[in-house]
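Presented below is the structure to which this report refers.
Since every read-out is calculated from the coordinates, none of them should be taken as a lab result. Computed from a predicted model, the values in this text were never measured in an experiment. Glycine gets a Cβ as well: all are built from the backbone with ideal geometry, and neighbour counts include every protein chain shown.
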Amino acid sequence: MASMRDIKRRKSSIQGTQQITKAMKLVSTVKLQRARASAERSKDYFTCMYDTMNSILKRVGHVEHKYLAADTSEDSGSPARSGKKAVIVITSNRGLAGGYNSNVIKLVTRHPEWKKEDLQIYCLGNKGREAFARYGYEIKDCNGDIVESPVYADAMALSAKLLGAFAEGEVGEIYLAYTAFKNTVSHVPTLLRLLPVAAGGSEEDGENSGSKEASAIMNFEPEDTEALDMLIPKYVTSLIYGALRESIASENGARMQAMDSATSNAEEMISDLTLKYNRARQGSITQELTEIIAGAEALG
């Protein structure tokens, strides 16, 4: 059995750790409130842009465009697409957030149809960079500052870089891996395909909708190529920006839960150590009384 000194030292150490976890929980709670409000403000634009672009692309007809899933053979005049996949992975710069980072990393590393050599990783967050470097993935770019306080201009710059690589044929597909924020306790790792965008709705979609409008061909003013050149970059940028905002809210929610769980565990350990200390102290007192009584009887 541990001595009272060891028990007291361990209890003091756990109490110090508990104070840290309590403080981190409070900080995460405040950050979560701000991040959640920001995510909710941007969600309307994100959702509207997503729904609008899907509606347009379902009725775009047979339009040849560099961002659509069209023919990329030599006859089409478009550059041959690479077999490489660019994957934007949004993680945090710090740990102590439960499974927030590991869950989104597993979306990429454990994808059943992807091979390591076919991926180019764009890390937004240092934890993702460390993990993918350890697993031997090709890290094309890394930006840890963008996840601290994302702005629309950051998402626009990243979108322009990826769209340029796609248009030049350096990558054939672009994906986004992030953690969607549902509520304080629910965060869903999500993988979205950004490009190429599949143009034209399927027959099944048309049958299920039962709407003549859904099957009508979209008329563009100005020309379709000019309109799509303007709309699709905004579409991709809004998805990246919305994912950044939701990821920050999810990170702080996950960290708040992790620190709350750590604080509760520390409280249980302190209670257990207090009980052990009291038992050890009681045993020590009992032993001293026994020795005093035995000594008194010997003298008598």
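Is one or more of the residues making up the range 89-112 within 17 Å of Thr190 (Cα to Cα), in contact (Cβ under 8 Å) with a residue 40 or more places away in the chain, of a type in the set (S, T, N, Q) and buried (at least 21 other Cβ atoms within 10 Å of the Cβ)? Checking the range 89-112: at least one residue is within 17 Å of Thr190 (Cα to Cα), in contact (Cβ under 8 Å) with a residue 40 or more places away in the chain, of a type in the set (S, T, N, Q) and buried (at least 21 other Cβ atoms within 10 Å of the Cβ). Within the range 120-140, residues that are under 12 Å from Ser102 (Cβ atoms) and free of Cβ contacts under 8 Å to residues at least 40 places away in the same chain have Cβ atoms under 7 Å from residues that are assigned to a strand (DSSP E or B) and of a type in the set (Phe, Trp, Tyr) in no pair, counting only partners at least 6 apart in sequence or on another chain.
Among residues of the range 1-51 being acidic (Asp, Glu) and within 15 Å of Phe181 (Cα to Cα), the one that is nearest to the chain's Cα centre (by Cα) is Glu40.
Listed here are the strands (runs of 3 or more DSSP E) enclosed by the range 88-187 that have at least 1 residues being polar (S, T, N, Q): 119-124, 173-183.
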